[in-house]
Amino acid sequence: MKKVFMICALLFSVVTFANAQGGGRPMGTPEERAKRMVDQLTEKLKLTEDQKTKVTALYVEQSAAQTKAREAAGDDREAMRASMMKLQGETEKKVEAMLTEDQKKAYTAYKEERKAAMQNRGGGPMGGGK
């Protein structure tokens, strides 16, 4: 009986440890990631239906490209980071081209908020943090 209990406790510990190593929030499919981003932008920028459709397509494309870049970079984190930054910059320019002047101002403010939030939780551009 003690052996069974010990095996169960060990198994529970291993499963718990493995789940804890998952880290961060789940990435999801490119479509799921795009939907999350577009939902945030719609809330902040009041996107029209046409804009939502176009921005969703852009983000699906970006997300798929990021997945490929992640796989191509392998363990080279600097190459992956450079590739991700380039993709993000290109996508931001394309999104801005679709926005009205008021939306562009709100988009700039939104990007600044996100940048500050990333730096506050230690995910800043240079691995900054608190």
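Please report the net charge: other residues with Cβ closer than 13 Å to the Cβ of MET80, K and R +1, D and E -1.
+1
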For the stretch 77-93, list residues with backbone N below 15 Å from a point placed 7 Å from the Cα of GLN40 toward its Cβ? 85, 88-89, 91-92
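Every number in this text was worked out from the coordinates using simple rules, so none of it is lab data. These numbers were taken from a predicted model, which means no experiment stands behind them. Please note: Cβ atoms are built from the backbone with ideal geometry, for glycine as well, and neighbour counts cover all protein chains shown.
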